[in-house]
Each structure stands twice: as C-alpha cells, then as structure tokens.
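Here the structure comes first, spelled out in structure tokens, and everything after it is commentary.
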Amino acid sequence: MTRDTQRLDALAQEVHASFEDTPNARLQEILRGLTRHLHDFVAEVDLSFEEWEAAIDFLTRTGQKCDDVRQEFILLSDVLGVSMLVETLNDIETPDATDSTVLGPFHMVDSPVRELGENISPVSDGQLCVVHGTVRDEQGQPVAHAVVDVWQADTHGFYDVQQPDKQPQGNGRGLLTADEDGKFYFTSVVPAYYPIPTDGPVGELLHATNRHPYRPAHIHFIVAAPGFRELTTHIFIGGSDYLDSDAVFAVKDSLVREFVAREGGTANPCGVTGAFVEAQIDITLHKEGGDNH
Ligand code: BEZ
Ligand code: FE
C-alpha cells in the first residue's frame, strides 16, 4: 500500500495548529518542535502498532522504576546522549569556563563539610591521591571561598550509597571551601571505573543493543560562588578503561587529567608524607550577567 503523505502532513499540521493558543511562547515552540520531529520519526521508521505498544510499556516501566533515590528517566536521557547534548549546548554559551558534564544519579546525599587537605574517603582502601586546583573567573582572577562539592566511587567502583553496609554515608564525598586565593585541595583514593545501574529498563536497552554499561574512572565536582554560574563537571583519570566509550557519552578531552605517581616525601598541599598520585584541576567559572567578552 502506498503511503498517503498528504494525510500524514495534514495530521502533523493539525497538531501544530492545536498549540496556537499556548500563552507561553517558549512552551509553544518546544511542543511544536517536539511533535514535528516525533511525527517525522514515527513515519521514517514506519512504527508498527506492536512497536508503539512496546515503547509505551518501556516508558511506563521507566517511570515505575523512579523513586526518591532512583531516576531512571535521567539515566535514559544519559544513555541516549541527551543529557550530554544539553550540557554541551550550555557550554557553548560559556566558552571560557571549564567544560561541564553530567550530574549523574549519585549526588543524592549532602556531602559532609571537610577541611582543605582532608581525606574525603576515610574508610576506603586503595591508592592515595592528592587532588588540587584553583577556582578562577574568566579573567584569570582567583575566586575566593568558592564552594567545591566533590563525590566519587571507591577503588572498587562503588559509591557509599550503593554499599550502606560497607561504607558510611559521606565516604567519598566532601564539601570544601576554597581559600582566599581560590585554592582547594583534598586527599582521597583513586576511584575505579564502574557500571551505571542496569537493573531497570535502561539496562534492558543496553543489553538489547550490545552496549556495555561502564563509565571511565572519574571524580565529580559542583563548584559554586556568588555571582557565578554553578558548574557541574568531572575530572576523568587519564588512561582509565572506557575513556573512549563512556556509557553516557560524558567524556570531554578537556576534563581528562593525568594522575601522576609521586614518591614519599614529595611536597604537596595536603601534607601527605608517603607515596601518592597527584592530579590538578583548575576551574574557571562564568560570571553571571557580567560582560566577559
Ligand atoms: C555518574 O557518574 O555518577 C553517572 C552518570 C550518569 C549515569 C550514571 C552514573
Ligand atoms: Fe560517577
């Protein structure tokens, strides 16, 4: 049977027109764009009724998997690259600031307040690391007392919240305040790569498409200071497995750092005396409402 394209176009037009009286112009633009692309997509792949039902079932189960500490829709957005697309569009507006990347689902508890230099992973075994950097504005001036929220998996690839029997809540997390020169520093253990949660519909999608669930080793940061756009980012550990195939497409080359081995006795801001590995991440924040160019 040949396709009645006139009829498909008329349907799409009717849907477009149905948003005519939307008072919010931006909402109107989004809904018109969404439905236009949705109609084109369904027509392009020639979706069968059974496939439409399967899609509804998948989305229903995705919603049912969500609760206070599990957000399967964000995970779906992550594995489809949509979260990263939104981050990247955001970065285009702030070309001189440090690149952002996805928040992820494990920033679910408040990080414990920690002193500069403190070990944020006090109960973890593994290779000790010293991480340090300076928070600056786009003109290179230090941002005094910026708040640096850090969280990471342990050496075995688990966040505290995934192992309540093994790790106390707050292990692998720290809320630091940079000093008057914008400097921050902490010790921790080098985190491992780990799989995103696969026990829900997103896991089924990965399985059905022969995709692996792993993320390369990384440390998360949210950096905030009054008058600046809050930055959500990671540093990725140079040489980690999966740097080239992050399950959520969140690696940016600018965020990869070498963790360099240092012998005992090497000077460091945290006062570590034994051997450690060292990584530096300087952060540039975007001034809100400022004229930066
Ligand atoms: C994370 O790095 O914590 C993460 C990000 C996206 C999906 C799953 C986990
Ligand atoms: Fe993570």
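Computed from the coordinates by the stated procedures, all read-outs in this text should not be read as laboratory data. All values derive from a computational prediction rather than experimental measurement. Note that each Cβ is placed from the backbone with ideal geometry, even for glycine, and that neighbours are counted across all protein chains shown.
Below is a table of values for the structure above.
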read-out	value
Ratio of the Cα radius of gyration of the chain to 2.2 N^0.38 Å, where N counts its residues	1.19
Size of electric dipole in the stretch 5-47: Cβ of Lys, Arg +1 and of Asp, Glu -1, about Cα centre, debye, nearest 20	100 debye
Highest average packing first - 99-105, 253-259, 215-221, Cβ atoms within 10 Å	215-221, 99-105, 253-259
For the chain, calculated [θ]222 nm from helices alone, where every DSSP H run of n ≥ 4 adds -39500 (n - 2.57)	-8500 deg cm²/dmol
Rel. contact order, % - alpha carbon contacts under 8 angstrom, at least six apart, the stretch 75-284	27 percent
DSSP H segments from the chain that extend 18 Å or more along their own axis, Cα-based, with Kyte-Doolittle mean of -0.5 or above	5-18, 25-45, 49-64
Packing-based ranking, highest mean first, of 112-125, 228-241 given that Cβ atoms within 10 Å are counted	228-241, 112-125
Residue among 272, 147, 15 with the largest mean-square fluctuation in a Gaussian network model of the chain, springs linking Cα atoms under 10 Å	15
Relative contact order %, the stretch 153-261, counting alpha carbon pairs below 8 Å whose residues are six or more apart	20 percent
The stretch 75-284: antiparallel DSSP beta bridges as a percent of all, rounded to 5	75 percent
Per-residue ³J(HN,Hα) for the stretch 251-256, Karplus 6.51 cos²θ - 1.76 cosθ + 1.60, θ = phi - 60°, Hz, x for Gly and Pro	7, 10, 3, 5, 9, 7
Net charge over other residues, Cβ less than 12 angstrom from the Cβ of residue 189 (K, R count +1; D, E count -1)	-2
Segments 180-188, 195-203 sorted - mean Cβ within 10 Å per residue, highest first	180-188, 195-203
13 Å beta-carbon shell around residue 272, net charge (K/R +1, D/E -1)	-2
Cleavage-rule hits, GluC sites (Glu not before Pro), the stretch 6-46, DSSP coil, Cβ neighbours within 10 Å at most 12	20
Interchain or long-range residues, amide H under 5 Å from residue 278's placed H	130, 260, 261, 262
Alpha carbon centroid spacing (whole Å) that separates the stretch 239-293 from the stretch 106-156	11 Å
Under 13 Å, Cβ to Cβ, from residue 113 - net charge with Lys/Arg +1 and Asp/Glu -1	-2
Test item: Cα-centred dipole of the chain, Lys/Arg +1 and Asp/Glu -1 on Cβ, debye	440 debye
